[in-house]
Each structure stands twice: as structure tokens, then as C-alpha cells.
1. Quick one: 3J(HN,Hα) in Hz for segment 331-348, Karplus 6.51/-1.76/1.60 with θ = phi - 60°, rounded, Gly and Pro as x.
2. Quick one: in segment 210-463, what % of C-alpha pairs are over 23 Å apart?
3. Rank-order 334-343, 273-282 by packing density, defined as the average count of other C-beta atoms within 10 Å over each peptide's residues, highest first.
4. Report the charge-dipole magnitude of segment 91-183 in Debye, nearest 20, computed about the Cα centre from +1 at each Lys and Arg Cβ and -1 at each Asp and Glu Cβ.
5. Counting only other residues whose beta carbon sits under 13 Å from that of residue 288, what net charge do I get with K and R as +1, D and E as -1?
6. Go through segment 139-146 residue by residue and turn each phi into a ³J(HN,Hα) via Karplus (6.51, -1.76, 1.60, θ = phi - 60°); whole Hz please, and just put x for glycine and proline.
7. Report, by chain and number, residues whose modeled amide H sits under 5 Å from the one on residue 358, excluding near sequence neighbours (fewer than 5 apart, same chain).
8. How far apart, in nm, are two points set 7 Å out from the Cα along the Cα-to-Cβ line at residue 288 and at residue 204?
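Computed from the coordinates by the stated procedures, all read-outs in this text should not be read as laboratory data. This structure is a prediction, so every number in the text was calculated from the model and none was measured. For neighbour counting, all protein chains shown are included, and Cβ atoms are generated from backbone atoms with ideal geometry for every residue, glycine included.
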Amino acid sequence: MSPLHSMNGLSRCSQLESCALWRILDATRHLAAPASVDEVLQKTIDSSLDVLNADRASVFLYDSGSDELYIKVSASLDETGTQERPDDWNGGNRHGDSPIIRFPAGMGIAGETAQTRRLINVPHCYADPRFNPEVDRQTGYVTRCMLSVPLLGVHGSLVGVLQVLNKQAGPFDEDDERIATILAAHCAVALQKAMLLEEYVRKQKMERDLALAREIQMSSLPRQMPELTGYELAAWSQPADEAGGDVYDALRLDVQRVALLMADATGHGIGPALSVSQLRAMFRMGMLLGTDLSELMSKINLQLTSDLPRGHFITAFAGILDGSNHRIRYLSGGQAPLMHFRADEDRVDWLDASTLPMGILAWHPVVAPPPIEMRPGDIFALLSDGFFEYADRTGEQFGKERIEEVIRLHRQETLEELRKRLCEAVRLYAAGHPQEDDMTVVLVRRNYASESLSCPPRLKDAKT
């Protein structure tokens, strides 16, 4: 070969590389513009077809959670000549209008590219045992050659695999490999940026939705407890997440009666919040319609058994405080323990649930337990598991004994102050350990003879 001929060859090679470089730079400019993941995928495919002078291309994204590669199939991609399925695909999943094809990250040529993080050049696909010709047989397309290139993002993390098929003039060569590697690096970073941005936007939207759900849930709770002659009532709730699985209600039925509810769904979050909101709505409507308590709770249980997912249930206390006879008639579906502080005996009674949690069995006997007799100074307390089971850093729970101690020590204070004392005692006990369950408390106290006094006259006189 003459020197002149050699120089001409180098000149042509330089011209080709220069042309490819300008195309890569142009592609990089387009990839740098803000775009969605689907738009970046389309730009990646368009750029690879243009720069490598190829017939078809596909991008398989990597799911690190399931260790799978997947491809999003859409009409816009198909119309540009994009390969609809990987060369080694044998099945897939469809989600809504946009099918998603998934396969293990170690399967076929794309899988080997993902596993090794190295480019694979297949000059003759039908001579390579790793190639699956089934797609060609189904579509009538003939795959001659292939470049399978890993898409490596920041710090070498795997974003996916780019496969480019059928160069217009023969198999892909070493120049194509270098060009594809450079292009893939830019495409990987653009895809990674778009995916992170979409994840951030999705997370922000979810946080706004959860904040709105919490605001709606908390605003649905009673703004203030109803007044009942001779009694004091207080309540409070704090979810562990943005929305909680606890709910309470206090509904004035007439001059002498108040309906009380506290419910706790399994788990915490949006799902349980919807469940207890449904229970509260049914309870409130039934009480306003004058439905018998036992009949109402039986019907609510029947509905929840049908509506709740398998393995989910709600513990619920439903009662009616009657100021005319100073009794609380109630049913407690799995909600326990119930605390009754007897002021005249300076004793605490812990009461068990009267029946199964709501939503487990459609038909089971609902037998009301004896009513709770409220004597002057008595305190009745409903507390969800979030109080009893709040643990310190060693894992030891707050427990009934500590709750009883707080009630005894601060029983002369207003119920709102008593509620704050309970919350403060739990906070100090936890010593910074995070709240893991929803916390809800409902307190009822019968006043002494003078309605303005919440403590015995003797103690009141001693203060003055």
C-alpha cells in the first residue's frame, strides 16, 4: 500500500470519526435538555440510529429491586423502527395501555451485557447461540448483526442496556464500538437524570397527597368535645404516618346522651385511614338515625367483612354515655384494655373486649357487656395500642402500669391537662425513640356534686 493511499485511508477514517463526533455532540445537546424518561428513551434511540447508521434499536432499563431488565413498549417507539422485544424475550407483563416487558437481568445477550457491564458485538446473530430467533420468526424481521452496549450512569451504576441492530453496511466494527460506547455514556447520564427527576416529582406529589389526606382526616375529627351536664370529655389523636389508622368520635345525641367511638385499623397509613373513616361514617349515620347500638355494630361488622382485604380488621369501641343514669353502654370489638378509674375506691379496673374485632367474621354473636357505672370522680379512658406499646430504645413498652400511675397522680387536673400528662410521660419514657404506631386517647370523667369541680370538695377546700 502506497503512503498516499495510506494517508487517504486515514483521512477518510478521520472524516468518518469527525462526522460521528459531531453527531454525538448534537445528540448530547438534545439529551441535555430537560425531558421525561420516555422522551430521553426516544432521543437515545433516535441518536443511536443516526450515529451508528443502523436499522433498529431498543433500550432496556434496569430494575435493581427485582434484578430485571424491562422495556416500555409504545406506539411512538414502534413507528420509528424500534425493536419491540428483546432478542431473548420469552414472556412479559402488561400494565394498562403501556405494556412493560420484563426478563431476568442475566438472560440472553442483553442480560450478559448487564451482568458483565461490557459491550458485546455480534456480527452474525444466527451464528451466535445466545441469540433467540423467535422474535424474528414472529415479526418477519431478520436480525443480521447487533451491538449490545451497557448504559452506565454516575459511579458506574447500571441504568440499562442499549441494543442497536443491523448496520446499513455490513457488521458493526471497532469504530462503531467506540462511538457506541461514547454515545451510551451520554445517554445513560441523561436517562439517570430524567429517572431521578421523575422520582423526585413523584415523591413530592405523594407527599403533598399524603399531607392533604392527613389534613382531611384530622379535620374530620370533632373540633371540640360535646358538653354533657355533670361530665367532662377530652380526646386527642396523632398518626404515626401522614395518615393514621386510628379515629375517634363524640356525637351528642340529645340533652343527656353522647355517643362515643374509638377505632384502630391494622397498620397505619392511607389504607387503614380509609377503613376507619368508613367505619366512623357508618357509626355516625347509624347513631343519628337512632339505630340500636348492638344492631348497628353488627351491620357495620357485616359490611367491613365484605369490604376489608383478607387479613385486615378494625378494633373498635362504640358506646353511649347516658348522663341521666350515669352509665356507659358499650360494645368493644377487639378494643382492649379499657380503663375505668374508680375514684371512691382509688382503684383501676382494666376491662377486656366484649367481642371479636370488626371485619373478621360476618356473623358472630354480639352480646353487650354490663354497662360501666360512672360514679362521681370516676374516669373512663380509651387508649389505642400506640400508648400501651410505645417502646423505649431497649424495646420495653410503656405498658398499663405506667398509664395507671399517670392517671392516679394527675386525676385532679382537667382532662385536657391529664391528656397532656399522658403524652408527656410517654415522650419522656421513649427518650427520643420514634413513634411507630398511631396514638389516640378518649377520656370521660364524671364530675362531683358541684359541676364546676372535677376533684372531691375536701381536696378543693384544702387548696383554698
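1. Once θ is set to phi - 60°, the couplings for segment 331-348 become 10, 10, x, x, 7, 6, x, 9, 10, 10, 8, 9, 5, 5, 9, 6, 9, 10 Hz.
2. Taking all Cα-Cα pairs of segment 210-463, the fraction more than 23 Å apart is 50 percent.
3. 273-282, 334-343
4. 260 debye
5. +2
6. So the J values, rounded to whole Hz, are 9, x, 7, 10, 8, 8, 9, 8.
7. 314, 315, 316
8. 3.9 nm
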